[in-house]
Amino acid sequence: MQGVAGVSGPAFGARHIAIIMDGNGRWAKRKHLPRALGHKKGVEAVRNIVRVGGEMGLEAMTLYAFSSENWNRPEDEISDLMGLLRQYIQSDIEEFVQNGVRLKVIGNYKALDADIVGMIDNAIEKTAGNDKMTLAVALNYGAQDELLRAVQHVAARVKIGELEPDAIHVDHIAGALDTAELPPLDLLIRTSGELRLSNFLLWQAAYSELYFTDTLWPDFDKGELEKALQAFGSRERRFGGR
Ligand code: FPP
């Protein structure tokens, strides 16, 4: 059986995958290295998986880079992560342009430092015309916050009389989410053996296939992505039907 009847190929018919990239800290600990090096290796894994995902023909990839709860981490770790984010955007934007990758950010990224917001806006603008794959990076993202903002948006439409409460449809909510113009989420992967969604894409994951692996994020490579997509390809998706 296949994820989408008769579909094979490297992505097994998956259009949009999302990844909770977990385990950088444990990867570093196992090697007696500082946590910061685990995050640095994590960025290398991001770079590789974005390339591979594009080559496999995925239309969109959403990566959980910084959650709205990650502000509770020690200040020096937050500053390491923000430094890596700055470096990543600056060093990879040319590659995005060359490889047809369109950058998108989900989450309340405008609350990040002003220089990062500027870099992100610039990268979004520079890659807006690319159409091979959309890379959506979740920054200062929490699914409950995203839903709250969507509900506020819909409520504002009701208030001005544009929409009747009874006429609110799932599409009004979905259309007000940060992921509005992305394809439906096919597969959600979490690395490092944790079995939680951690406030990631709660609405979008309604009918996604879930894939958990013990592999720590810095070790998640092409072979690991192929395994996850093969597992996706072997699932029978029923979307609530029989
Ligand atoms: C989880 O490891 C990782 C994160 C905090 C988010 C992922 C961040 C990166 C891959 C680096 C930054 C990304 C970009 C796009 C620049 P953890 O610290 O929770 O690991 P642990 O659970 O083993 O401690």
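A few remarks follow.
- Residue in the range 70-84 that is surrounded by the fewest Cβ atoms within 10 Å (Cβ to Cβ), counting only those that are among the acidic types (Asp, Glu) and near the ligand (Cβ under 10 Å from one of its atoms): Glu77
- Counted residues, the range 50-68 - those being more than 10 Å from the ligand (Cβ to nearest atom) and either in a helix (DSSP H, G or I) or over 27 Å from Met133 (Cα atoms) (or both): 6
- For the residues Leu216, Leu210, Leu229, the requirement of being out of contact with any His (no Cβ under 6 Å at 6 or more places or on another chain), under 29 Å from Ala28 (Cα atoms), in contact (Cβ under 8 Å) with a residue 12 or more places away in the chain and within 15 Å of the ligand (Cβ to nearest atom) singles out Leu216.
- Only a single criterion out of (1) without any contact (Cβ under 8 Å) to a residue 40 or more places away in the chain; (2) among the hydrophobic types (A, V, I, L, M, F, W, C); (3) within 16 Å of the ligand (Cβ to nearest atom) is not satisfied by Ala128, namely (3).
- Condition check for Pro34: at pLDDT 95 or above, more than 9 Å from the ligand (Cβ to nearest atom) and not charged (D, E, K, R): yes
- Test: Gly100 is surrounded by fewer than 21 Cβ atoms within 10 Å (Cβ to Cβ), free of Cβ contacts under 8 Å to residues at least 60 places away in the same chain and among the small types (Gly, Ala, Ser): yes
- Single residue of the range 133-166 satisfying the filter (under 12 Å from the mean Cα position of the chain (by Cα), of a type in the set (Gly, Ala, Ser) and not in a helix (DSSP H, G or I)) that is surrounded by the fewest Cβ atoms within 10 Å (Cβ to Cβ): Gly142
- For the range 16-31, filtering for residues that are more than 7 Å from the ligand (Cβ to nearest atom) and not basic (Lys, Arg) leaves 6.
- Residue satisfying condition, being of a type outside the set (Phe, Trp, Tyr) and part of a strand (DSSP E or B), within set Ile189, Ile173: Ile189
The values are calculated or read from the model by the stated rules, or taken from the named source; none is laboratory data. None of the values given here were measured: they were computed from a predicted structure. Using ideal geometry, Cβ is built from the backbone for each residue, glycine included, and neighbour counts are taken over all protein chains shown.
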